1. Would you confirm whether any residue within the range 60-80 is over 20 Å from Ser140 (Cβ atoms) and within 16 Å of ligand 2 (Cβ to nearest atom)?
2. Is it the case that some residue within the range 55-71 is of a type outside the set (Asp, Glu), touching a strand residue (DSSP E or B) at 6+ places or on another chain (Cβ under 9 Å) and more than 16 Å from ligand 1 (Cβ to nearest atom)?
3. What are the residue pairs meeting all of these: first residue in the range 333-357, first residue in contact (Cβ under 8 Å) with a residue 24 or more places away in the chain, second residue hydroxyl-bearing (Ser, Thr, Tyr), Cβ atoms under 7 Å, and 6 or more apart or on different chains?
4. Pull out all pairs, ordered by first then second residue, where Cβ-Cβ is under 9 Å, the residues are six or more apart or on different chains, the first lies in the range 47-58 and is free of Cβ contacts under 8 Å to residues at least 24 places away in the same chain, and the second is buried (at least 18 other Cβ atoms within 10 Å of the Cβ) and assigned to a loop (DSSP other than H, G, I, E, B).
5. For Lys69, all conditions in the list (1) modelled with pLDDT of 95 or more; (2) within 18 Å of Met1 (Cα to Cα) hold save one; what is the number of the exception?
6. Of everything in the range 327-352, what is away from ligand 1 (no atom under 13 Å from the Cβ) and modelled with pLDDT of 90 or more? Give them in sequence order.
7. What residue, of Leu130, Leu88, is without any contact (Cβ under 8 Å) to a residue 40 or more places away in the chain and within 17 Å of the chain's Cα centre (by Cα)?
8. Taking only the range 76-90 into account, find how many residues are surrounded by 16 or more Cβ atoms within 10 Å (Cβ to Cβ) and not in a strand (DSSP E or B).
Amino acid sequence: MRLTKINLLNFRNYKKCNIKFNETVNVFIGNNFQGKTNILESIYVLALTKSYRTNNDDNLKNKDSDNYKIKGEVKTGKYAKTLEIKVLANEKKVFINDTNIKKISDYVSNLNVILFSPEDIEKIKGSPSLRRDLLNIEISQISKQYINNYNEYNKILKMRNDYLKLIYTNSISDYRYLDILTDNLIDRAAFIYNERSLFINKINNRIGEIYEKLTDISGLKIIYEASIDFSNNIDELKKRLREKYQNNLQKEIIAGMTLYGPHRDDFHFYIDDKDLKYFGSQGQQKLSMIAFKLSEISIFEEVVGTKPILLLDDIFSELDKVKKNRLINYINEDIQVIITANDTAGISKKLLKNAYIFKVENGKIIAKGDNNG
Ligand SMILES: Nc1ncnc2c1ncn2[C@@H]1O[C@H](COP(=O)(O)OP(=O)(O)OP(=O)(O)O)[C@@H](O)[C@H]1O
Ligand SMILES: [Mg+2]
């Protein structure tokens, strides 16, 4: 999969900007606050219809505008299609080949991106919800059913939480309606668990080897921590969930919320039996997150049939020369990459050989060079 071009209108600090991408390596260079990350963000928004830096679309609209538009062309093999997202004062619309698509789940997955951003390192150390979001976003890109089940799960979860509160305040003793909600929740939960477990197994089949290539250290893996005793057998899993809810009914009524299920789970990065959250150095955490993202390339390819586009924000800072070179060797394969950096100084000639280099200044691309920095 390749992104051949993108047009921005009133997105962040870009009033108007048209970019034609190289099918392999693209590097956006420039000083701080000029708009390098904004380019990657715009591609991410075009792919997923929302940003990873803000939940509020107003922040994405240029400060002098009440709307923004991103349009891009995606090529897979010989076939090209245009994707477009328009955010007006109070509505958001997405288009494929100029046709309005009503369901977001029918739109997402037309452009597959894997983004590494400096904020991702926080996901190793930060709260469990950051790691759950990461899983949800990544799996959503390769499974439409996951998006649908996950959205349904959240709706039922909210209804169940509201009803648990009502049981408590109104001293309701008839649990039939709660049982219906619980059954529905369990069905969705089992699906989510199954998809997450498949995804994490796939990551674990790859991440150790990639991390070892980058660092010479073996044994990196991810361990999923479910809020119930996990099982790979769906019927067994449903049984365990049901038992969990039955045995903790009073606890949940008093809490006024659902205390078990995929919305409460977590996962961690381990090397041997050491959790990188507590034992990893900054560089180790950065490289393990990079290894996680790189593991996804072949997972996406396996599911979607084509490699995704790699968006790498400020990937080289904080890495020593050896790690930097190994990373470059790893990504310099048959995949489109879009990278940001302050300058090309730290980036090897090998990566820049056939690259397009864009110089960014104050919301404008002021120069484009092929292979000459
Ligand atoms: N909605 C907006 N309207 C106008 N300008 C914006 C908007 N949102 C952000 N900006 C500006 O965009 C710039 C930041 O762009 P970006 O994050 O792409 O910088 P960068 O080139 O990646 O910098 P760094 O090297 O520091 O990461 C800032 O100057 C910020 O004020
Ligand atoms: Mg930036």
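1. No, the range 60-80 has no match at all.
2. Our first condition is that a residue be of a type outside the set (Asp, Glu); within the range 55-71, this holds for 55-56, 59-63, 65, 67-71.
Okay, now just the ones that are also touching a strand residue (DSSP E or B) at 6+ places or on another chain (Cβ under 9 Å), so 60-62, 65, 67-71.
With more than 16 Å from ligand 1 (Cβ to nearest atom) added as a condition, the list becomes 71.
Within the range 55-71 (the criterion being of a type outside the set (Asp, Glu), touching a strand residue (DSSP E or B) at 6+ places or on another chain (Cβ under 9 Å) and more than 16 Å from ligand 1 (Cβ to nearest atom)), the answer is yes, since at least one residue qualifies.
3. That search, which allows pairs on different chains as well, returns Gln336/Thr24; Thr340/Thr37; Leu352/Thr344; Asn354/Thr24; Ile357/Thr344.
4. Ser51/Leu60; Thr54/Leu60
5. Failing condition for Lys69: (2).
6. At the first step, the residues of the range 327-352 found to be away from ligand 1 (no atom under 13 Å from the Cβ) are 327-337, 344-352.
The answer is Ile335, Gln336, Val337.
7. Numbers: Leu88 fails: within 17 Å of the chain's Cα centre (by Cα).
Going through Leu130, Leu88 in turn, the sole match is Leu130.
8. Summing the residues that are surrounded by 16 or more Cβ atoms within 10 Å (Cβ to Cβ) and not in a strand (DSSP E or B) in the range 76-90 gives 0.
The values are calculated or read from the model by the stated rules, or taken from the named source; none is laboratory data. Being a predicted model, the structure only gives us computed values, none of them experimental. FYI the Cβ positions are ideal-geometry reconstructions off the backbone, even for glycines, and counts take in every protein chain you see.
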